[in-house]
Amino acid sequence: MRRLAKALASILARVLVAPAAYPVAWLAPLDGRHALFQLGSHLMSLLPGLPGVYLRREYYKVVLGLRSKGFVIEFGTILAQRGTEIGSNVYIGPFCNIGLSAIEDDVLLGSNVDVVSGKHTHSFDRTDVPIREQEGVLKKIRIGRGSWIGNKSVVLETVGEGCVVGAGSVVTAETEPWVVLAGNPARPIRPRVRPSAAPSPRER
């Protein structure tokens, strides 16, 4: 019964967001600066509660062409770039700012997490031109399957599979998989046990 109720809620959400989502998806070739995409993202971020979760999920499935299941994007979170990928069973907490990224299955992002599109989103070599007018390079930041990024962290580089990033950390270098990191810049504190290395119930 619960599964049926969720399926019906998803269908209703898809119908409700369709008038906004499909035009944003169809006009992608004309939206080179992502202005239309960002407008839709800002509007979707303001929808509260559980209805907002369902509406955002269906909206981004259409706009980003996602086939993922069960992901949650909470209130106040903004996606800034087309080309962002979100896996199944991902949780993105409130008030996050997500740049160009590939967020793999089962990732958890706490609240107020910033995923920046690499370390070179703005050039600043020239002094005769304002930084805001200098071109940058966007990099797709990958957050590996099953990782957990703590509240108010800033991610500027790839995070390996199964990592834990402590709250308030700043990830400036690509990380190894299965480690716990913290600090600014984030550094490994200790390794995590890989699932294959975990003891069986009989050995515990």
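The values are calculated or read from the model by the stated rules, or taken from the named source; none is laboratory data. No experiment lies behind these values; they were computed from the predicted model shown. Here the Cβ is made from the backbone with ideal geometry for all residues, glycine too, and neighbour counts use every protein chain on show.
Of all residues in segment 143-177, those that are more than 16 Å from Cys96 (Cβ to Cβ) and either under 14 Å from the mean Cα position of the chain (by Cα) or not in a loop (DSSP other than H, G, I, E, B) (or both) total 6. I'm trying to understand the selection: among the residues of segment 40-61, which are in contact (Cβ under 8 Å) with a residue 40 or more places away in the chain and surrounded by fewer than 18 Cβ atoms within 10 Å (Cβ to Cβ)? If the condition is that a residue be in contact (Cβ under 8 Å) with a residue 40 or more places away in the chain and surrounded by fewer than 18 Cβ atoms within 10 Å (Cβ to Cβ), then no residue fits.
Among the residues of segment 1-37, those identified as assigned to a helix (DSSP H, G or I) and small (Gly, Ala, Ser) are Ala5, Ala7, Ala9, Ser10, Ala13, Ala18, Ala20, Ala21, Ala25, Ala28, Ala35.
Against the test of being in a helix (DSSP H, G or I) and among the small types (Gly, Ala, Ser), the options Gly76, Gly70, Gly40 yield a single qualifying residue, Gly40. Just the residues that are out of contact with any strand residue (DSSP E or B) (no Cβ under 8 Å at 6 or more places or on another chain) and surrounded by 20 or more Cβ atoms within 10 Å (Cβ to Cβ), please, taken from segment 63-96. Listed by number, the list holds a single entry, Val63.
Among the numbered conditions (1) at pLDDT 95 or above; (2) assigned to a loop (DSSP other than H, G, I, E, B), the only one that Asp125 does not meet is (1).
Within segment 105-134, the residues that satisfy the criterion of being in contact (Cβ under 8 Å) with a residue 12 or more places away in the chain and either within 30 Å of Leu30 (Cβ to Cβ) or of a type in the set (Ser, Thr, Tyr) (or both) are Ser111, Asp114, Val115, Val116, Ser117, Gly118, Lys119, His120, Thr121, His122, Ser123, Gln134.
So that you can scan it fast, the table gives a plain yes or no per residue for (1) buried (at least 17 other Cβ atoms within 10 Å of the Cβ); (2) under 16 Å from Thr84 (Cα atoms):
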{"position": "Gly110", "(1), (2)": "yes, no"}
{"position": "His120", "(1), (2)": "no, no"}
{"position": "Asp125", "(1), (2)": "no, no"}
{"position": "Gly136", "(1), (2)": "no, no"}
{"position": "Val159", "(1), (2)": "yes, yes"}
{"position": "Gly162", "(1), (2)": "yes, no"}
{"position": "Glu174", "(1), (2)": "no, no"}
{"position": "Leu181", "(1), (2)": "yes, no"}
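Residue by residue through segment 101-119, note down the ones that are assigned to a loop (DSSP other than H, G, I, E, B) and either of a type in the set (Asp, Glu) or farther than 15 Å from Val154 by Cβ (or both). Once the filter is applied, which keeps residues that are assigned to a loop (DSSP other than H, G, I, E, B) and either of a type in the set (Asp, Glu) or farther than 15 Å from Val154 by Cβ (or both), segment 101-119 yields Glu104, Asp105, Asp106, Val107. For first residues located in segment 10-31 and without any contact (Cβ under 8 Å) to a residue 60 or more places away in the chain, partners that are assigned to a loop (DSSP other than H, G, I, E, B) and not small (Gly, Ala, Ser) and lie 6+ apart or on another chain with Cβ distances below 7 Å form the pairs Ala28/Arg82.
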